[in-house]
Amino acid sequence: MSTETLRDGEGETTSRGIVDRVRASPFLSQLLSNRLALTGIAIIVAMIVIAVYARLTLDLEVISRSQLGTNPNRAAPSLGYPFGTDGQARDLLPRVGYGAWYAMLFGTVTVGASTVLGVGLGIIAAYYGDITDNVIMRTMDVLLAFPSLLLALALVSIFPDELGLWRAVAALTLVYTPRFARVVRGAALTVLENEYIDATVALGATDPRVLVRHVLPNCLAPITVQSTLNFGLAIIDLAALSFLGFGASAGTPSWGLMLSNGVNQGLLTGVWWWSFFPGLFLALTVLGFNLLGDGMRDALDPRMREAVD
């Protein structure tokens, strides 16, 4: 274990391990003492492992095409097929596992892109104010006035069907950007009231340096929490768009598309496993990110920390 050597008041040296340094961090100690947050972390890590394993070991072309004549059709869950098979005789176990890769990949791109856009717009609006602030934030208010899923459906129809899930990513990126912009603008306005910002400007620092080196680092706490909570929302919205036919193309092992096939063709005929297993994985993944996001919010909120202490 790597250690950090410290010298106490009497000149003696003591070794401080990684565990001790973690415990000394108020944020990490608070987060790791939250059982619900630890549960969320465990779920997320498990889903990441499943996603990476599926991506590295499974052939997407094989699990996407029909397996009629090779596997039993509409087979119930059994030892040979733990999740059963669908109407094309495709084994649902590898398809659900590969769906985790799609969820993590496209969820990460969606949250990452909307975070970059929202943070940039929010900081610029707070720093320059006046007309810039009004133009940016009124535009964000217009986007926030629409229900998120309805706005995503309107935006996704603009992009060609050939893009598949990428058009859903583009639509949701535009839908989530205003949320980050409002959160970051509020945090940035608080940071800009501090005297060290005025001192930095007086010393001749350029606007980009002030924003990147001084404002942005002090806004990371709300950005991190918002990103974590939006990750679960992005995954469920991507699944919802695929469920409605505006995301993944036919045959793609997407949880939303599998749920759609199960509801439309399976539930009425008693083939419950078509929708149960992808729905279970979707629910667990969203639950994991929500638990982690709540735990991070509590750990980063000084009022919550003082209440616990």
**Request:** Would you be able to say whether some residue in segment 203-218 is open to solvent by less than 60 Å² (accessible area, probe 1.4 Å), within 18 Å of Ala152 (Cβ to Cβ) and touching a residue at least 60 places away in the same chain (Cβ under 8 Å)?
**Result:** no
**Request:** Please give the helices (runs of 4 or more DSSP H) falling wholly within segment 210-309 in which 2 or more residues are of a type outside the set (Ser, Thr, Tyr) and within 17 Å of Asp86 (Cα to Cα).
**Result:** 255-261, 273-300
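Considering only residues that are farther than 28 Å from Thr224 by Cβ, open to solvent by 40 Å² or more (accessible area, probe 1.4 Å) and in a helix (DSSP H, G or I), which ones fall in segment 68-114?
Restricting attention to segment 68-114, the residues satisfying the condition of being farther than 28 Å from Thr224 by Cβ are 68-98.
Now narrow it down to the ones that are open to solvent by 40 Å² or more (accessible area, probe 1.4 Å): 68-70, 72-74, 76-82, 88, 93.
Answer for segment 68-114, where residues must be farther than 28 Å from Thr224 by Cβ, open to solvent by 40 Å² or more (accessible area, probe 1.4 Å) and in a helix (DSSP H, G or I): just Leu93.
In the set Ser227, Ser275, which member is within 20 Å of Ser66 (Cβ to Cβ), under 25 Å from the mean Cα position of the chain (by Cα) and in contact (Cβ under 8 Å) with a residue 12 or more places away in the chain?
Ser275
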**Prompt:** What do you reckon, is Phe146 assigned to a loop (DSSP other than H, G, I, E, B) and out of contact with any Lys or Arg (no Cβ under 8 Å at 6 or more places or on another chain)?
**Reply:** yes
**Prompt:** Could you say which residue among Val183, Val169, Val175 is assigned to a helix (DSSP H, G or I), open to solvent by 30 Å² or more (accessible area, probe 1.4 Å) and either among the small types (Gly, Ala, Ser) or modelled with pLDDT of 90 or more (or both)?
**Reply:** Val183
**Request:** For Ala170, indicate whether it is without any contact (Cβ under 8 Å) to a residue 60 or more places away in the chain and under 16 Å from the mean Cα position of the chain (by Cα).
**Result:** yes
**Request:** Kindly provide the set of residues from segment 45-67 that are among the charged types (D, E, K, R) and surrounded by 16 or more Cβ atoms within 10 Å (Cβ to Cβ), ordered by number.
**Result:** Arg55
**Request:** Could you pull out the residue among Asp130, Asp141, Asp91, Asp86 that is touching a helix residue (DSSP H, G or I) at 6+ places or on another chain (Cβ under 6 Å) and of a type in the set (D, E, K, R)?
**Result:** Asp86
**Fill in**
Per the filter on segment 142-192, residues β-branched (Val, Ile, Thr) and in contact with a Pro (Cβ under 6 Å, 6 or more places away or on another chain) are Val183
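I'm checking my understanding of the structure. Among residues of segment 130-166 that are of a type in the set (Phe, Trp, Tyr) and more than 20 Å from the chain's Cα centre (by Cα), which one is least open to solvent (accessible area, probe 1.4 Å)? Quick ask: steps written out before the conclusion?
Step one: filter segment 130-166 for residues of a type in the set (Phe, Trp, Tyr), giving 146, 159, 166.
Those left that are additionally more than 20 Å from the chain's Cα centre (by Cα): 146, 159.
Values: Phe146: 114, Phe159: 61 Å².
Among them, the one singled out is Phe159.
Just checking, how many residues over segment 31-44 are in a loop (DSSP other than H, G, I, E, B) and surrounded by fewer than 18 Cβ atoms within 10 Å (Cβ to Cβ)? It would help to see each step written out before you state the result.
Here is the first cut: in segment 31-44, the residues in a loop (DSSP other than H, G, I, E, B) are 33-34.
Cutting the leftovers down to surrounded by fewer than 18 Cβ atoms within 10 Å (Cβ to Cβ) gives us 33.
Residues meeting the conditions: 1.
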**Message:** What pairs come out if I take residues in segment 189-200 that are at negative phi and pair them with residues that are part of a helix (DSSP H, G or I) and open to solvent by 40 Å² or more (accessible area, probe 1.4 Å) whose C-beta lies under 6 Å away, six or more apart or interchain?
**Reply:** Val191/Asn218; Thr200/His214
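Under 23 Å from the mean Cα position of the chain (by Cα) and under 12 Å from Ala126 (Cβ atoms) - does that describe any residue in segment 200-216? Give the steps one after another, and end with the answer.
Going residue by residue through segment 200-216, those that are under 23 Å from the mean Cα position of the chain (by Cα) are 216.
With the extra rule that they be under 12 Å from Ala126 (Cβ atoms), the set shrinks to 216.
Within segment 200-216, one or more residues are under 23 Å from the mean Cα position of the chain (by Cα) and under 12 Å from Ala126 (Cβ atoms).
The values are calculated or read from the model by the stated rules, or taken from the named source; none is laboratory data. Computed from a predicted model, the values in this text were never measured in an experiment. Cβ atoms come from the backbone with ideal geometry, glycine included; neighbour counts cover every protein chain shown. In case anyone asks, the SASA skips ligands and DNA or RNA and just uses the protein heavy atoms, side chains included. Shrake-Rupley method; radii C 1.70, N 1.55, O 1.52, S 1.80 Å.
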